[in-house]
Amino acid sequence: MQDDLARSTGGATLRLSLGIRAAAARRPDHPALVFGSTVYRYYDLVRQMNRLANMAISSWRLKAGDVVALIAPNRPEYVEIVAGLSDVGIIVATLNPRLSPEELKPILADCAPKLALVDPSLEELGDVARDYGVRTILIAEEFENALQRASDAFSLPPLNDAASFSLCYTSGTTGAPKGVLLSHRSRALTFLAMALEYRCFGDDDRFLALTPLCHGAGFAFTGAALSFGGTCVLLNSADPEKVADRLKEGDITGVFMVPTHFSRLFSAPPRVTSNLRTLCRLKSIISNAAALSQPLKERAVEAFGDGLLHETYGSTEAGIVTNIRPADILRKSGSVGPAFIHTEVEIRRDDGTCATPGEIGELFSRAPYTFNGYLNQPGETARAIRDGWISVQDLATADEEGFITICGRRKDMIVSGGVNIYPVEIEAVIGRQPGVSDVAVVGLPDDEWGERLHAFVVPASGKPPNPSDILNACRRELSDYKAPRGVTMVDELPRNASGKLLKRELRDNAAALIGAVKRRVS
């Protein structure tokens, strides 16, 4: 594949593996990855990376710019494959192992991989790749035996660090998934900024990785831990009891969690969260992927203690855009903080001029952490990148101090009676009500108003909230036109593996969800 968007940067080459190799040179026997009871040391990690790079060239006959599809849950080989193949210029498409066969087909057609590496538990997806004529290898005994026979003697070839090394597919929250090309340089600089900001990626830190490595953020936090010689404790389950027990062991200094993880943790029996503050030795907790409600922020600070919780806002395309530090996490209710290190942010009106403080507009950012573009979609790339500024069509406001509050996706904005309504404001009110675990407000078709507001609420364990109480709270705290016209209790809201709410899916299935509740009540 020709990476037309790569640019020569000059100077030293930045690449994913350099930090890992430097750590191996300093402390070859230091634990790099811990997975269950198995410890993978830096020396062994680099040897495996070298073998994979050699196999790619000599056995698989791949060349720089080719795409390899990786379809697997969290496992140590994930890091070896991405780092090793990227060293010889191969682009690894990190595909979601939860894809259905039908969802996988258009992605394979889009990225045209020369090879698919597939976890044995996902052989059905491997069959789909074979049907597409893609050579498919299971990451099993035969693969491991071949890897052990490969040479571990390796010299890094020249590499343009502006070229893409990774291909992530967007979650499809607003349409068909798009392939996001990420460069060596943008990831390496992202890791450096993360180390400065979160201060939990040093030689003697242990970072708990429980989010899927197939997602940009999941791999970034793992990559940052390894780039500076720390230890990454890798989980393949986000079960709240297992996560809490692992944190209570007292050796974990950093963890990345999405709002769903917090919600499940604090909905678990009290024994699960007891003594977290006393037993944990955390330096930083980072939340991302979706908005962390203020009640969840308060619960997290209460459970873990002050001075730990960060919330970031960003996207696979733009990287980390903002971060709110622990000192401001409760002071600035609903905010995701000011601009991240070496990042510029502008809130723009529809005419392109900058909005005033408190005025809602489209959020644009520029930084050295951004993507190269969308694979095979120059039109979408041009819409997202405008004169070097990135927008994923999120709406936001900034206050006088430059603290950003996200108001939602432009496509999620509700127009009722000709008035623009932003669901995040309504969701914040509902989320504060007793008995509410999760909430989403969407616009449903209405003959009179164009769209009417409807709230879908997930009750917390125990006594569920009364829909009338929720509506009354909205009328008390919001203008009348912002109050939902209906409330439906549901068991869960549709979210992807990274915790992002799938409002399009919720709108599409709204009639069935509302009807099912009415039938149960009657």
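The values are calculated or read from the model by the stated rules, or taken from the named source; none is laboratory data. Here the structure is a predicted model, which is why all the values come from computation and not from measurement. In this analysis, Cβ positions are derived from the backbone assuming ideal geometry, glycine residues included, and neighbour counts consider all displayed protein chains. We work out accessible area using only protein heavy atoms, side chains counted, and drop any ligands, DNA or RNA first. Shrake-Rupley method; radii C 1.70, N 1.55, O 1.52, S 1.80 Å.
Of all the listed residues (Y78, Y40), the sole one being over 14 Å from T136 (Cβ atoms), in contact with a Leu (Cβ under 8 Å, 6 or more places away or on another chain) and buried (at least 24 other Cβ atoms within 10 Å of the Cβ) is Y78.
Number of residues in the stretch 364-395 that are modelled with pLDDT of 95 or more, in contact with a Cys (Cβ under 7 Å, 6 or more places away or on another chain) and either open to solvent by 20 Å² or more (accessible area, probe 1.4 Å) or in a strand (DSSP E or B) (or both): the value is 0. Find the residue count for the stretch 427-457, including only residues that are assigned to a strand (DSSP E or B), modelled with pLDDT under 85 and not small (G, A, S). Looking only at that region, the number is 1. Being under 17 Å from A238 (Cα atoms) and of a type in the set (S, T, N, Q) is the filter; apply it to the stretch 260-285 and report the residue that is modelled with the highest pLDDT. Step by step, filter the stretch 260-285, then rank; the result is T273.
Restricted to the stretch 131-155, and to residues there that are under 20 Å from R47 (Cα atoms) and part of a loop (DSSP other than H, G, I, E, B), the residue that is most open to solvent (accessible area, probe 1.4 Å) is S155. Residues in the stretch 261-278 that are open to solvent by less than 70 Å² (accessible area, probe 1.4 Å), free of Cβ contacts under 8 Å to residues at least 40 places away in the same chain and either more than 25 Å from I324 (Cα to Cα) or not hydroxyl-bearing (S, T, Y) (or both): F262, L265, F266, A268, P269, V272, S274, L276.
For beta carbons closer than 8 Å, sequence separation of 6+ or different chains, a first residue in the stretch 289-301 that is within 22 Å of N496 (Cα to Cα) and without any contact (Cβ under 8 Å) to a residue 60 or more places away in the chain and a second that is acidic (D, E) and surrounded by 17 or more Cβ atoms within 10 Å (Cβ to Cβ), the qualifying pairs are L292/E311; K297/E311.
Using the structure shown, decide if F256 is under 29 Å from S461 (Cα atoms) and outside any helix (DSSP H, G or I). Here the answer is yes, as F256 does meet what is asked. Taken together, the residues in the stretch 226-249 that are assigned to a loop (DSSP other than H, G, I, E, B) and farther than 24 Å from P269 by Cα amount to 3.
Under the condition of being out of contact with any Phe, Trp or Tyr (no Cβ under 8 Å at 6 or more places or on another chain) and modelled with pLDDT of 90 or more, the residues counted in the stretch 286-320 number 13.
Taken over the stretch 61-74, the criterion of being open to solvent by 20 Å² or more (accessible area, probe 1.4 Å) and more than 18 Å from D119 (Cβ to Cβ) is satisfied by R61, K63, A64. Note on the stretch 473-496: among residues that are polar (S, T, N, Q) and part of a loop (DSSP other than H, G, I, E, B), the one that is farthest from L513 (Cα to Cα) is S479.
From the list T370, T312, T316, T405, which one is β-branched (V, I, T) and either over 27 Å from I426 (Cα atoms) or without any contact (Cβ under 8 Å) to a residue 24 or more places away in the chain (or both)?
T370
Mind checking which residues of the stretch 401-415 are modelled with pLDDT of 85 or more and over 22 Å from the mean Cα position of the chain (by Cα)? Passing the criteria: E401, G402, I414.
If you filter the stretch 81-103 down to residues that are modelled with pLDDT under 95 and not small (G, A, S), you find that the one that is surrounded by the most Cβ atoms within 10 Å (Cβ to Cβ) is N96.
Please determine whether any residue of the stretch 414-425 is assigned to a loop (DSSP other than H, G, I, E, B), within 30 Å of V345 (Cα to Cα) and among the aromatic types (F, W, Y).
The answer is yes; a qualifying residue exists.
Listed here are the strands (runs of 3 or more DSSP E) enclosed by the stretch 301-363 that have at least 2 residues being surrounded by fewer than 20 Cβ atoms within 10 Å (Cβ to Cβ): 344-348.
In the stretch 115-130 there is no residue that is part of a loop (DSSP other than H, G, I, E, B) and farther than 30 Å from V233 by Cα.
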